[in-house]
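**Q** Before I ask anything, here is the structure I am working with.
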Amino acid sequence: MAAGVALALSGCIAVGNIGQRAITVNQEVGSSQNQFVLLNLVRAAHEEPVYFVAFNQLGASGTMEFRAGAPQVFAGPHLPAADKVAEFVGGTNFLDNQTNTNFQMSLLGSKDFYSGLLAPLELRDVDLLLNQGYSRELIFYLVIAKAKITILPNDGGTSPFPPQVVYNDPSDAKNFQLFQYYIKEAMEHGLTTETFEAPDDSADVADDTDPADKTTKPKKPKLTTQADLCYDKALALPADLADIAQGSFCGDKPSIRPAATGKETPLPITLHDKGFALHDQKLQIDVTRRSIYEIYYYLGRIIRAGQPMDLQAFDLPAEKIEAAPLIDVVTNHDLLIDSGCFSAVRYEDETYCVPREGAQNTKHIFGILNALIALKQSTGDIPVTQTVRIEQ
């Protein structure tokens, strides 16, 4: 019986409990990552500095020890027992169960990390996000800080009108309404990104010269992937295709182009909406992109305002978008952490909760921010730090 119990317990600890513990560790890491994002958004809402940490290594183990000893047996005619047959002495048994979890965390604070954190997002990063199935409107509101609109004269000369700048700032209702109009036009005209190859002047170029050949062959330049803005005919409304200048559609430019100069190719467009003040004018729209750092404070300001900023509903040929808040965070002094929250943190005597039901855009934003932070990490951010161990 003792042997059978030991085998049963060892099977339980080896198969059931360890496997479940691995799942638990995975779930807790995901919960922690979401809380890291929410905590920084709350800090940004209070205009406080944000800090970033990362898990570098995790481990979990469990042990169970079962020991049983048979009692000593004395048998014979001269025993003091009344039956004069046998005496059983001693016998031991011991059961011990121990589990432990250890992990390494690091503060992401290197020069390279903050260079990536504070620099405006590259169009390659935006292109990656747009190709993951996220709403273009969601990405536009997160990434675009402002847009500069310039009227282009028909003769190709200098515009006599100064450029107009509209900001993505929900607290400025009048200016923001105009920004929303341009986002609507961008959605209906199919604004998106495309990638192309360009020579990388900073890379070492391999010499293809054949030692046996006396003639010198030209070196092949190393190509790097870059991205540019364009209008996708498959995403645009058919009635709006005539507004777009030739050469601005995706696929109009060659797949291999000269190295980028740091500026995106202008995309002239003419809007014919009679209710728009600049209708029938050829416009050039240049956008300024945010950094990851700015995205946190942009969302933090929306949370602090307490008035959700809703994305607009669109009925596009290839993309259906429903009106919903961009960021949905509930604040309640009495709210319990596990009361219907996808993620929640307690900060300065208040509980901040992302509802478990709905809040789809907020959940997408958590994934986007985690992905962007990971893209800005390098091998230098892997620390030589101490291990934190939790034992039970």
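**Q** Among the candidates 386, 377, single out the residue that is closer than 28 Å to residue 291 by Cα, open to solvent by 40 Å² or more (accessible area, probe 1.4 Å) and either assigned to a loop (DSSP other than H, G, I, E, B) or at pLDDT 95 or above (or both).
**A** Details: 386 fails: closer than 28 Å to residue 291 by Cα.
The conditions single out 377.
**Q** Among (1) at pLDDT 90 or above; (2) surrounded by 15 or more Cβ atoms within 10 Å (Cβ to Cβ), which single condition is residue 30 missing?
**A** Evaluating residue 30 over (1) at pLDDT 90 or above; (2) surrounded by 15 or more Cβ atoms within 10 Å (Cβ to Cβ) leaves (2) as the failure.
**Q** Give the residue that is modelled with the lowest pLDDT, with candidates limited to residues of the range 242-281 that are under 19 Å from residue 183 (Cβ atoms), open to solvent by less than 70 Å² (accessible area, probe 1.4 Å) and of a type in the set (A, V, I, L, M).
**A** Top of the filtered list is 267.
**Q** Next question. Hey, any hits in the range 50-71 for a residue that's modelled with pLDDT of 70 or more, open to solvent by 50 Å² or more (accessible area, probe 1.4 Å), among the hydroxyl-bearing types (Ser, Thr, Tyr) and in a helix (DSSP H, G or I)?
**A** no
**Q** To continue, here is another question. How many residues does the range 320-329 contain that are at pLDDT 90 or above and either open to solvent by 60 Å² or more (accessible area, probe 1.4 Å) or not in a strand (DSSP E or B) (or both)? Show your work before the answer.
**A** From the range 320-329, those at pLDDT 90 or above are 324-329; that's our starting set.
Filter again for either open to solvent by 60 Å² or more (accessible area, probe 1.4 Å) or not in a strand (DSSP E or B) (or both), leaving 326-329.
Selection size over the range 320-329: 4.
**Q** Modelled with pLDDT of 70 or more, farther than 30 Å from residue 266 by Cβ and surrounded by 15 or more Cβ atoms within 10 Å (Cβ to Cβ) - does that describe any residue in the range 111-133?
**A** yes
**Q** Taking interchain pairs and intrachain pairs at least six residues apart, which have beta carbon atoms under 8 angstrom, with the first residue in the range 17-43 and closer than 21 Å to residue 294 by Cβ and the second open to solvent by 60 Å² or more (accessible area, probe 1.4 Å) and hydroxyl-bearing (Ser, Thr, Tyr)?
**A** The qualifying pairs are 40/51; 43/51.
The values are calculated or read from the model by the stated rules, or taken from the named source; none is laboratory data. Values in this document were obtained by computation on a predicted structure and should not be read as measured data. Neighbour counts run over all protein chains shown; Cβ positions are idealised from the backbone, glycine included. Accessible surface is based on the protein model in full, side chains and every heavy atom, while ligands, DNA and RNA are left aside. Shrake-Rupley method; radii C 1.70, N 1.55, O 1.52, S 1.80 Å.
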